[in-house]
Amino acid sequence: MSKELRMTKTQLAIELGLSRSTLYYQSKIDSKDTKILSSIKEVMDKNPSYGHRRIALALGINHKRALRIMQKFGLQPALKRIRSKYRNNAKPKKVTNLIKNICPIAPNIIWVTDFTHRRFRNKFVYLATVLDLFSRKIIGWNLSFKQDQVLTSKAIEEAFKQGKAEILHSDRGAQYQTKDLEKLLQSKKVKHSQSDKSSPWQNGWQESFYSQFKLELGGTGKYLAIEDLTNAISSQIDYYNNDRIHTKLKTSPLNFLKQYYQKIKGVVLLSEKMGT
């Protein structure tokens with residue numbers, strides 16, 4: 001056996017004057033991956049909570065390819081939420097849930113409403129929202145230091161300024177069981193639907209929104225005054241409605257609505273043309 005064949009890689013590298021690492025196989029990085037990598041990083045910088053599915057939608061590529069490239073280069077969302085699982089162990093209650101097994105096919109059929117809280121300056125601040133179930137757009141919201149019916153009713157009243165739904169769905173909290181709210185809904189001819197007691201998954205759309213919203217808003221300690229926090233929440237809701245890709249919609253709520261109305265307009269024009 002020749003001397004070269006008996007040499008170890010280290011000895012051979014010294015003999016040839018090379019680095020030992022050059023004697024191992026080195027895979028070539030796909031040039032197409034590197035081009036997409038820069039685009040992925042750009043999307044992640046603007047949207048720190050985006051995972052591979054939203055990134056794929058934003059770039060118009062297959063989500064499996066986005067995941068492969070992200071894993072290849074060790075990229076992960078800067079913001080991640082912790083998912084909680086609810087157990088459906090509530091006893092049957094005699095309540096009225098009007099939206100079970102209903103999937104709205106147009107805006108303003110079902111609105112869902114709820115509220116959440118964040119700690120701010122050693123006290124709690126409460127955020128109530130109203131979400132259109134078809135478009136997932138936030139159509140009304142209100143911020144308050146008090147967890148009362150005024151908090152929730154103002155959010156609902158703001159939503160009514162943009163129109164009205166056929167059904168308003170909420171949980172069974174005291175804020176949503178007041179006579180004033182029932183009178184308001186009756187005057188608008190809107191049916192009131194409520195989740196079963198201790199069944200937050202029956203309003204999971206709002207639960208999901210708040211989970212991601214809190215993550216993207218971040219901590220409240222950086223805001224010096226309630227006005228600063230209010231402006232930040234307003235900007236975050238505007239971003240959610242207008243720019244943020246919703247995985248179920250494959251686009252933002254506002255763009256989804258635009259696409260819907262354009263489709264409806266096209267159907268109307270076609271029917272008018274066929275009728276002439």
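The values are calculated or read from the model by the stated rules, or taken from the named source; none is laboratory data. Note that the structure is a prediction, hence the values are computed from the model and not measured. Note that each Cβ is placed from the backbone with ideal geometry, even for glycine, and that neighbours are counted across all protein chains shown.
Numbers below:
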{"read-out": "Subset of the range 219-261 that is hydrophobic (A, V, I, L, M, F, W, C) and under 11 Å from the mean Cα position of the chain (by Cα) - its residue that is nearest to ALA106 (Cα to Cα)", "value": "LEU249"}
{"read-out": "SER235 surrounded by fewer than 13 Cβ atoms within 10 Å (Cβ to Cβ) and of a type outside the set (Phe, Trp, Tyr)", "value": "yes"}
{"read-out": "Positions within the range 57-78 being modelled with pLDDT under 80 and surrounded by 14 or more Cβ atoms within 10 Å (Cβ to Cβ), in sequence order", "value": "LEU75, PRO77"}
{"read-out": "Out of SER144, SER135, SER153, sole residue that is of a type in the set (Ser, Thr, Tyr) and over 19 Å from PHE213 (Cβ atoms)", "value": "SER153"}
{"read-out": "Long-range neighbours under 7 Å by Cβ, at least six apart or interchain, first residue in contact (Cβ under 8 Å) with a residue 24 or more places away in the chain within the range 243-261, second outside any strand (DSSP E or B) and surrounded by fewer than 16 Cβ atoms within 10 Å (Cβ to Cβ)", "value": "THR247/ARG53; LEU254/ASN242"}
{"read-out": "Among the residues listed as ASN203, ASN242, the single one being within 23 Å of ILE99 (Cα to Cα), of a type in the set (S, T, N, Q) and out of contact with any Gly (no Cβ under 7 Å at 6 or more places or on another chain)", "value": "ASN203"}
{"read-out": "Every residue from the range 122-141 that is assigned to a loop (DSSP other than H, G, I, E, B) and either in contact (Cβ under 8 Å) with a residue 24 or more places away in the chain or under 19 Å from ASP238 (Cα atoms) (or both)", "value": "LEU133, PHE134, SER135, ARG136, LYS137"}
{"read-out": "Answer residue from the range 117-149, given it is touching a Ser or Thr at 6+ places or on another chain (Cβ under 7 Å) and either over 17 Å from PRO253 (Cβ atoms) or at pLDDT below 95 (or both) and is surrounded by the fewest Cβ atoms within 10 Å (Cβ to Cβ) among those", "value": "ARG119"}
